[in-house]
């Protein structure tokens with residue numbers, strides 16, 4: 001017990017001595033304008049101390065290890081961001097050029113959709129319903145696009161002035177392997193019609209395409225191109241499991257995005273019911289169809305329904321179709337060794353058959 005009291009008294013005395021020493025050090029530092037530090041149980045000005053900025057490694061008198069620096073006066077330690085090596089650091093030679101003034105480095109621009117390539121960009125540029133926000137052209141792209149620009153001026157279309165850019169800048173703004181031809185424009189999305197807008201039109205279209213969860217933008221773009229070529233009035237897709245309207249889709253569509261309305265529905269089965277009530281004969285394409293497509297009477301209003309590759313039409317979608325038909329492919333149908341087509345190719349063949357029958361009427 002006596003030993004404990006003795007140690008406690010020594011600790012209090014040591015604390016008092018160090019407290020007084022700290023007060024003296026603060027007074028000394030304030031008068032000299034220099035920071036002070038501890039050394040061998042007493043405080044000395046920093047410029048006379050032998051320790052570094054993080055403390056001199058001496059015990060603080062309480063057995064708690066190394067001391068921390070005590071800063072006198074109003075001077076503060078140098079911050080890392082204020083260090084000359086941080087602020088005056090030379091630029092790296094391999095740093096990529098800053099093209100943030102061109103557009104965000106992503107295929108999806110901040111104010112709309114990026115569209116590239118001559119045909120897709122020309123169709124959007126000449127569409128009065130399409131708002132064009134910005135445009136970038138290389139020297140080669142300017143030569144390809146100048147006729148389109150002149151035609152738009154003659155039609156009094158409001159279009160922005162194109163900025164001249166290097167090809168490498170456009171390469172970074174488009175997906176790898178994109179053939180942009182030195183032409184890149186940023187456009188606002190087109191207004192999307194509703195299903196009622198399509199079937200209540202005067203006159204309503206006699207041919208509509210319905211896609212059941214076709215997700216590949218290349219396939220959807222190719223289907224849109226075929227739809228525009230064969231005069232389909234609209235392409236209907238599901239709201240979920242369908243590609244967004246991106247530059248990839250627009251490039252593959254080759255301008256068809258400006259001519260064929262594309263709309264999304266929440267419930268495809270209900271949309272098929274609405275089409276049937278409006279007088280459309282809904283024909284689903286499936287390998288197990290009982291008849292070839294050419295055996296059906298497609299002379300009236302027709303809605304061709306196509307499913308995703310591999311899975312095909314979903315069960316409920318099949319039930320909502322008036323009839324399932326097949327294309328004459330594969331050995332059993334008298335065709336070749338391959339029994340099925342890519343969904344975009346199947347759409348083109350089916351569209352041709354509908355138009356072939358229409359010419360006979």
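Of everything listed in (1) at pLDDT below 85; (2) farther than 24 Å from residue 224 by Cβ; (3) part of a loop (DSSP other than H, G, I, E, B), the single unmet condition for residue 297 is (1). When the stretch 308-334 is filtered for residues that are surrounded by 15 or more Cβ atoms within 10 Å (Cβ to Cβ), closer than 15 Å to residue 349 by Cβ and in contact with a strand residue (DSSP E or B) (Cβ under 8 Å, 6 or more places away or on another chain), the ones remaining, listed by number, are 325, 326, 327.
Taking the stretch 295-307 as the range and being surrounded by fewer than 19 Cβ atoms within 10 Å (Cβ to Cβ) and either free of Cβ contacts under 8 Å to residues at least 40 places away in the same chain or touching a helix residue (DSSP H, G or I) at 6+ places or on another chain (Cβ under 6 Å) (or both) as the test, the residues that pass are 295, 296, 299. The set of residues in the stretch 154-197 that are closer than 16 Å to residue 119 by Cα and not in a loop (DSSP other than H, G, I, E, B) comprises 183, 184, 185, 186, 187. In the stretch 276-287, is there at least one residue being in a loop (DSSP other than H, G, I, E, B) and surrounded by 22 or more Cβ atoms within 10 Å (Cβ to Cβ)? Checked the stretch 276-287: at least one residue is in a loop (DSSP other than H, G, I, E, B) and surrounded by 22 or more Cβ atoms within 10 Å (Cβ to Cβ). Regarding the stretch 352-359, can at least one residue be identified that is assigned by TED's automatic domain parsing to the domain that holds residue 213 and closer than 24 Å to residue 242 by Cα? There is no residue in the stretch 352-359 that is assigned by TED's automatic domain parsing to the domain that holds residue 213 and closer than 24 Å to residue 242 by Cα. Whenever a residue of the stretch 265-290 is touching a residue at least 60 places away in the same chain (Cβ under 8 Å), its partners that are surrounded by fewer than 13 Cβ atoms within 10 Å (Cβ to Cβ), lying with C-beta atoms within less than 7 angstrom and at least six residues away or across chains, give the pairs 265/239.
Across the stretch 206-235, the qualifying residues are those that are touching a residue at least 60 places away in the same chain (Cβ under 8 Å) and part of a strand (DSSP E or B), and the one among them that is surrounded by the fewest Cβ atoms within 10 Å (Cβ to Cβ) is 207.
Is it true that some residue in the stretch 156-165 is assigned by TED's automatic domain parsing to the domain that holds residue 120, touching a residue at least 60 places away in the same chain (Cβ under 8 Å) and surrounded by 17 or more Cβ atoms within 10 Å (Cβ to Cβ)? Yes: the stretch 156-165 contains one or more residues that are assigned by TED's automatic domain parsing to the domain that holds residue 120, touching a residue at least 60 places away in the same chain (Cβ under 8 Å) and surrounded by 17 or more Cβ atoms within 10 Å (Cβ to Cβ).
The set of residues in the stretch 126-153 that are out of contact with any strand residue (DSSP E or B) (no Cβ under 6 Å at 6 or more places or on another chain), closer than 21 Å to residue 169 by Cα and in a helix (DSSP H, G or I) comprises 139, 140, 142, 143, 144, 146.
The values are calculated or read from the model by the stated rules, or taken from the named source; none is laboratory data. Given the structure is predicted, the values throughout are model-derived calculations rather than measurements. Methodologically, a virtual Cβ is constructed for each residue, glycine included, from the backbone with ideal geometry; neighbour enumeration extends over all protein chains shown.
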